[in-house]
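The values are calculated or read from the model by the stated rules, or taken from the named source; none is laboratory data. Just so we're clear, the structure is a prediction, and the values are computed from it rather than from any experiment. Quick reminder, even Gly has a Cβ in these numbers, built from the backbone with ideal geometry, and neighbours come from all protein chains shown. The accessibility values were calculated without ligands, DNA or RNA, using every heavy atom of the protein model including side chains. Shrake-Rupley method; radii C 1.70, N 1.55, O 1.52, S 1.80 Å.
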Amino acid sequence: MAKKSLVQREHKRKKLEEKYRLIRQSLKKKSKDSSLSQREIREIQRKLQSLPRNSAPTRLHRRCLVTGRPRANYRDFGLSGHILRQMVHACLLPGATKSSW
């Protein structure tokens, strides 16, 4: 089980990313406009840099919904590998089967 503080930090980052998403997208769209002068582009970049770091989408990390584990997550299920395996063994995931050969 992951520390609660790390899970809460990730939750806080997700909220910040949602809050600043439109602002960030509009500034990036403006910066790609070719008719702007160098000074205007620098001003837009300065505004982008003034946004909180944790509001950047690249800082988000997928975590297991059950344990909060940050690694070996399957996007389709939102679970880490070993939890997914346990749930498949217990027949808790419909349509998922354990492969055997």
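Quick notes
- Residues in the range 10-31 that are within 12 Å of the chain's Cα centre (by Cα) and without any contact (Cβ under 8 Å) to a residue 12 or more places away in the chain were compared, and the one that is nearest to Arg63 (Cα to Cα) is His11.
- Per this entry, Leu93 is counted among residues that are out of contact with any Asp or Glu (no Cβ under 9 Å at 6 or more places or on another chain), among the aliphatic types (A, V, I, L, M) and open to solvent by less than 70 Å² (accessible area, probe 1.4 Å).
- Lys30 open to solvent by 100 Å² or more (accessible area, probe 1.4 Å), in contact with a Leu (Cβ under 9 Å, 6 or more places away or on another chain) and farther than 30 Å from Lys3 by Cβ: yes
- Test: residue in the range 33-55 that is open to solvent by 50 Å² or more (accessible area, probe 1.4 Å) and under 20 Å from Met1 (Cβ atoms): no
- Residues in the range 45-101 that are in contact with a Lys or Arg (Cβ under 7 Å, 6 or more places away or on another chain), farther than 30 Å from Leu27 by Cα and touching a residue at least 12 places away in the same chain (Cβ under 8 Å): Arg69, Pro70, Ser80.
- Qualifying residue in the range 26-47 (condition: outside any loop (DSSP other than H, G, I, E, B) and within 30 Å of Leu92 (Cβ to Cβ)): no
- Residues that are in contact with a Ser or Thr (Cβ under 8 Å, 6 or more places away or on another chain), open to solvent by less than 50 Å² (accessible area, probe 1.4 Å) and either under 21 Å from Ser5 (Cβ atoms) or part of a strand (DSSP E or B) (or both) within the range 62-90 comprise Cys64, Thr67, Asn73, Ser80, Ile83, listed in sequence order.
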